[in-house]
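Single-structure report; data block below.
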Amino acid sequence: MKEYTYNINGHDYKVTVDGVENNVATVTVNGETYNVALPAPEISERPRPVVKPAAPAAPAADKKYSIKAPLPGVILDITVKPGDEVKRGETVAILEAMKMENNITSDRAGRVAQTCVAPGDSVMEGTDLVIFE
């Protein structure tokens, strides 16, 4: 039970919320009890993003180098495609995290074998973004 005191137009009201059940709140205002219908919760029309889990480690014999997401976020752009030659320091993806755009760069040169994500994908830290041959 929660108690509140409100001053509305110069009048004090002591309000106690006794409980809420099926979108109906039972409240007591200055000793008089009321049932107050609450609006139904809004259902977001925006679909929830699908979060891709980090890929499991490949066996040592089949190990290829990959660039992983350094932090959770949303992929804004993949700037490379399979077959592209990438130089060290070149941007391979743009990741939005905490309302900041982060350029994800390659720390080595190589040829892109596969891109693992697409713009709009939500990723967790450690998710493979780009795999090199």
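The values are calculated or read from the model by the stated rules, or taken from the named source; none is laboratory data. Quick caveat, the model's predicted, so the values are computed rather than measured. All accessible areas refer to the heavy atoms of the entire protein, side chains included, with ligands and DNA or RNA removed. Shrake-Rupley method; radii C 1.70, N 1.55, O 1.52, S 1.80 Å.
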- Note on the structure: Quick shape check on segment 65-133: root eigenvalues a ≥ b ≥ c of the Cα gyration tensor, a/c under 1.5 is rounded, otherwise prolate if a/b tops b/c, else oblate, and it reads prolate
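With a 1.4 Å probe and all protein chains left in place, how much of the accessible area of segment 79-129 comes from carbon and sulfur atoms, in whole percent?
Working: 1410 of 2990 Å².
Roughly 47 percent, rounded to a whole number.
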